[in-house]
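Here, each number is a calculation from the coordinates, and none is a lab measurement. Since the structure is predicted, the reported quantities are computational estimates derived from the model, not experimental observations. Every residue, glycine among them, receives a Cβ derived from its backbone with ideal geometry; neighbour counts consider all protein chains shown.
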């Protein structure tokens with residue numbers, strides 16, 4: 001569905017759809033999202049019943065299993081109100097774009113799909129389009145002495161159309177030098193179970209991406225999807241590289257943190 | 001031989017679509033719904049534009065043809081055009097020159113200009129007599145240069161349009177290594193869309209030709225290591241001589 | 001062509017290990033794709049034109065029977081012949097019969113992917129007809145005895161040295177020739193062949209229903225040679241390559257050519273309105289159009305796959321695809337490689353055998369982004385994946401272990417307590433085998449990951465625990 005994020009008065013409270021990968025593998029990303037939102041005086045609720053949006057099964061052709069898990073997702077989030085923030089392009093796209101596909105033959109379910117889908121915003125999309133202030137992060141005194149290169153995660157960019165918001169936010173961080181990568185829009189090779197089922201091809205794509213990232217000389221890669229982050233970070237670790245991979249929420253958190261301590265983030 | 005196997009095939013298409021036979025709802029997506037009078041009127045508009053904007057269109061084709069890979073020369077008079085054609089041929093060291101049999105050569109004295117350089121041009125026509133076709137084919141493949149007029153040119157793409165017909169063979173602009181096309185003021189169309197408007201009107205008036213060639217530069221290939229090379233099967237060099 | 005779609009993983013592995021091909025394939029991005037991007041930005045209302053192009057194709061395919069009927073009536077009226085072929089065997093039989101009846105010794109072919117489906121040149125050679133591919137790329141792979149590697153650049157995987165060596169073996173020329181010299185050699189050889197050809201077989205880029213015209217888009221000039229010299233011209237087309245009106249052509253040509261090579265227009269666009277007219281100087285006496293199904297009905301019949309028939313065969317999706325660029329054209333195992341190939345090749349040649357193809361994609365969407373008629377390839381891949389899992393028996397091809405795996409996944413994700421517990425269990429079980437919180441070796445299927453990447457162990461304190469702690473006053 002097309003969700004047109006429009007500028008609205010700052011909501012007092014939002015729901016966090018943290019995603020299964022962040023919850024289990026990179027919880028600090030979730031913490032960073034909460035930190036940034038709280039600094040903007042927005043309260044964050046975490047509906048505890050949430051598990052996964054169902055994308056892994058859906059992408060693997062197992063729509064039966066995926067739709068059961070999706071129904072559970074709808075159960076959890078339909079019982080809440082207000083914007084639902086998700087720090088992931090692919091999970092956001094799953095709910096906003098692909099739930100319709102899964103439940104198209106079920107009119108009753110489609111009601112819920114629409115109701116919940118309309119409330120879903122990817123994290124950077126929410127900050128830029130919904131809060132609608134061009135210097136939002138700068139106004140928070142965002143500062144980070146570092147250099148980084150940005151990788152354009154495919155679902156974020158092509159399924160949700162979030163093609164400038166992350167860059168715009170990063171641009172507001174004082175002291176952060178963004179070094180452009182060659183072929184930033186080319187897929188890193190994660191693709192969910194593709195990374196395992198077609199590991200040779202996935203690895204070849206990863207190598208190209210990491211070579212391009214290394215060539216920038218940046219100390220870290222910034223991206224918006226945790227699957228891609230784990231894939232790139234895992235490859236960097238295997239190469240023995242010091243280059244880190246961070247989620248954009250972590251960068252914004254660190255940059256706006258009152259104590260501004262150095263990150264202990266994982267590579 | 002006619003048409004073979006249509007009914008069964010179309011039956012399967014209809015089954016696949018769940019469609020019943022008959023005309024579709026036209027939703028404006030395609031131009032096919034346009035009435036014949038409208039097509040004719042559009043064609044008249046196009047022809048008017050060709051002369052009303054003749055100067056601007058000539059400027060535009062000069063630029064776009066060069067971009068498409070034509071070697072472009074613009075001259076003021078038919079005599080100058082003939083001289084340029086002869087110059088191109090003699091500079092290329094051409095001895096065997098073939099031209100089409102089109103009206104353009106009545107006003108542009110190409111034969112005389114070539115003769116003055118010691119080149120005797122052949123005329124690529126057999127008057128449509130089937131038996132002589134092998135000779136025409138041989139002549140086209142043996143020629144160093146082929147010279148034709150231009151039916152239309154297209155400013156959008158730097159294109160020369162030729163309709164093979166009596167007097168204009170398919171091969172004269174294809175087989176020789178060099179092709180020279182002579183374009184007159186007033187024959188330039190703005191874009192592909194106007195070309196097809198005219199073609200459509202011709203079709204409606206039963207005046208369409210057997211074929212049409214759009215030529216936009218020399219023959220090209222990129223099939224060896226992605227390196228662009230000119231002159232694989234068609235001419236490696238094409239010249240557009242513009243009069244006006 | 002017989003499908004070898006089940007060889008995808010093997011083919012991919014071989015291609016990944018071939019440095020010459022990997023280097024050659026870079027041209028797909030640095031050349032074609034980059035040029036297409038520039039052409040798109042430089043064209044006024046590019047997106048609007050693509051939307052309209054899609055609308056035309058959508059309308060045409062939805063009414064395909066109507067337009068095919070109109071097309072054939074008009075061709076018949078022009079003095080041409082039309083043969084409807086259910087499959088490639090029927091199409092081949094028609095053409096071979098025609099060749100025999102017309103005492104044809106030499107056939108020249110210009111680019112036709114449908115004729116690759118038929119392996120037509122091979123079939124002709126088998127009955128003693130000389131069948132020569134005249135498109136330079138097709139000519140090269142015919143010499144090499146290979147299938148095309150790319151929809152519009154069949155020999156893109158070959159390096160200059162490889163081509164020079166092949167030509168050297170054929171003509172005795174110096175094996176170190178440049179592309180210019182090799183082109184000159186090919187020009188000479190093929191010029192001689194053109195002149196003695198009795199029949200030509202070409203493809204069709206567009207067939208125009210309202211006038212019974214066919215349109216060929218080429219750069220080399222071989223399409224024009226094929227439609228000017230031989231007595232008999234046979235055009236072979238997939239049943240979907242049709243547009244309603246001549247007036248639609250302007251836009252369709254624009255979006256096709258700019259998407260394929262980035263050119264404003266190709267060197268040649270040729271429109272054929274039947275056999276030559278009586279007063280013409282030259283041209284074929286006979287025109288035959290062979291309209292081919294060969295599995296396209298399956299795409300047509302499935303509303304979710306129907307848009308695959310909008311394809312203009314421009315190759316833009318191949319040029320944008322990071323998977324295709326790595327695995328090359330032969331890995332796909334049938335006529336059509338790349339993103340569009342991952343849909344049409346298995347559907348047309350057998351989904352069960354080709355089941356890997358729809359999965360061989362990260363669903364990055366680059367293909368959809370560049371398609372001139374906005375075909376949603378990722379969506380079709382997802383649909384095919386569902387068929388492989390949940391479809392009818394003749395299409396299903398998923399192992400029992402994977403099925404059980406996803407059932408277990410469902411179980412774990414239907415309830416947050418189970419989900420939470422699952423993470424904890426994985427953490428504790430894995431912890432002794434991980435170093436600094438990372439695995440570098442795991443058993444199958446996760447061995448696919450750890451072959452080249454480390455994998456983190458689930459966090460000892462997942463987000464939900466940390467959030468709970470914050471709420472209860474644990475602080476940041």
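Things to note:
- Isotropic mean projected area of the C-alpha convex hull, region A:150-267 (nm²): 7.3 nm²
- The relative contact order of region C:416-474, computed from alpha carbon pairs under 8 Å that lie at least 6 residues apart in sequence, is 32 percent.
- Binning the alpha carbon pair distances of chain B at 5 angstrom intervals from zero yields the distribution 1, 6, 11, 14, 16, 14, 11, 9, 7, 5, 3, 2, 1, 0, 0, expressed in whole percent.
- In chain B, helices alone account for a calculated mean residue ellipticity at 222 nm of -11500 deg cm²/dmol, with every DSSP H run of four or more residues adding -39,500 (n - 2.57).
- In terms of its C-alpha gyration tensor, chain A has an oblate overall shape, because the principal axis ratio a/c (a ≥ b ≥ c, square roots of the eigenvalues) is not below 1.5 and a/b does not outweigh b/c.
- With the largest listed first and rounded to whole Å, the semi-axes of the equivalent ellipsoid of region C:152-258 from the Cα gyration tensor are 33, 18, 10.
- With one equal scatterer per alpha carbon and no solvent term, the Debye-computed log10 I(q)/I(0) for region C:49-296 at 0.08, 0.12, 0.18 1/Å reads -0.31, -0.70, -1.49.
- Spatial offset of region C:32-49 relative to region B:185-225 amounts to 22 Å, using the alpha carbon center of each.
- Alpha-carbon centroids, region B:101-153 and region C:183-258: separation in whole Å: 25 Å
- For chain A, calculated [θ]222 nm from helices alone, where every DSSP H run of n ≥ 4 adds -39500 (n - 2.57): -12000 deg cm²/dmol
- Residue exposure proxy: C:241, C:109, ordered by other Cβ atoms within 10 angstrom of their Cβ from fewest to most, comes out as C:241, C:109.
- Computed per residue of chain C from DSSP H runs no shorter than four, each worth -39500 (n - 2.57), the mean residue ellipticity at 222 nm is -14500 deg cm²/dmol.
- Mean separation of Cα pairs under 8 Å and 6 or more residues apart, divided by the residue count, gives chain B a relative contact order of 25 percent.
- Degrees, to the nearest 10: C:160-171 long Cα axis against longest axis of chain C: 30 degrees
- Tensor-based shape of the protein assembly as shown (alpha-carbon gyration tensor, a/c under 1.5 rounded, otherwise prolate or oblate): prolate
- Distant alpha-carbon pairs in region C:336-427 (separation over 15 angstrom), percent: 66 percent
- Relative to the longest principal axis of the Cα atoms of chain C, helix C:46-62 runs at roughly 80 degrees.
- For chain B, the longest principal axis of the Cα atoms and the long axis of helix B:6-17 meet at an angle of about 60 degrees.
- Dimensions in Å of region A:151-196 - Rg and Dmax from alpha carbons: 12.6, 39
- Relative contact order of chain C, defined on C-alpha pairs under 8 angstrom at six or more residues apart (%): 20 percent
- Inter-chain Cβ neighbour count for A:184-197, averaged per residue, equals 6 (cutoff 10 Å, partner chain atoms only).
- Pairwise centroid distance, computed over Cα atoms, of region A:80-115 with region A:30-59, Å: 15 Å
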